[in-house]
Amino acid sequence: MVKYLRLLVTILTATMVIGFIVIVVLFVTKFSDAFGPKLPDVITLPDGAKPLAFTQGSNWYAVVTKDDQVLIFDRKTGVLRQTLQID
């Protein structure tokens, strides 16, 4: 009876270890994209513009400069779409 109980405890331990490894792998694969937003590789600002803040939407991103301008760029092409002056 003790040998049978020892076998059951060993199988339960192995099952728990394998289950824990599976859970860790699932967390890593599921949340690997959640570690930050996709940022553009390069942002080309107009001459003299110094960045102060950055934000983004689904198909655009914006840079706020130190001279109170908001520069809105197209996400796919990186082309400057619009410039807003903050009063």
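The values are calculated or read from the model by the stated rules, or taken from the named source; none is laboratory data. What you are looking at is a predicted structure, and each value in this text was computed from that prediction instead of being measured. Neighbour counts run over all protein chains shown; Cβ positions are idealised from the backbone, glycine included.
Taking Lys66 as meeting all but one of (1) under 27 Å from the mean Cα position of the chain (by Cα); (2) modelled with pLDDT under 90, write down the number of the exception.
(2)
Only residues that are farther than 30 Å from Val63 by Cα and surrounded by fewer than 10 Cβ atoms within 10 Å (Cβ to Cβ): list them for region 24-48, please.
Filtering region 24-48 for residues farther than 30 Å from Val63 by Cα gives 24-30.
Of everything in region 24-48, those that are farther than 30 Å from Val63 by Cα and surrounded by fewer than 10 Cβ atoms within 10 Å (Cβ to Cβ) turn out to be Val28, Thr29, Lys30.
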